Amino acid sequence: MRRNLIFGIILGGAALASTMATADPGFCPPGLAKKNPPCVPPGLAKKAVPYAVGDRIDGGYIILRHPRRFGLDPNETYYRVGDYIFRVDRETREVLDFIGAAAALLD
């Protein structure tokens, strides 16, 4: 009986590990989805985001040419800087809003 119980626990753990390995990588837990920036743990958000609202992006960016594909307003301008997406003023390149991590948005 004990051997069957241990075997069942091992198989159950393997099934759980298998489920976790095939989980959607773009999944964002509800608690992190409500944060600003979304889907980025608070400790990482303060350290890693290279620009804040009001900063000017001078270089090292890629313009998102088709924002509608990612559920963004097609009338706005979005830059990708590293792993982050920002909504910027088209004329001044000033950051208007931090959208989130590119991996969560582009997947």
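The values are calculated or read from the model by the stated rules, or taken from the named source; none is laboratory data. Just so you know, these numbers come straight off a predicted model, no measurement behind them. Don't worry about glycine lacking a Cβ; one is built from the backbone with ideal geometry, like all the others, and counts go over all protein chains shown.
Considering the stretch 55-65, and only residues there that are within 15 Å of Glu91 (Cβ to Cβ) and not in a loop (DSSP other than H, G, I, E, B), the residue that is farthest from the chain's Cα centre (by Cα) turns out to be Arg56. For the stretch 55-71, the condition of being touching a residue at least 40 places away in the same chain (Cβ under 8 Å) and either exposed (fewer than 15 other Cβ atoms within 10 Å of the Cβ) or more than 18 Å from Ala33 (Cα to Cα) (or both) holds for at least one residue. Could you look through the stretch 35-54, keep only residues that are loosely packed, with under 10 Cβ neighbours inside 10 Å and part of a loop (DSSP other than H, G, I, E, B), and pick out the one that is modelled with the lowest pLDDT? Step by step, filter the stretch 35-54, then rank; the result is Ala52.
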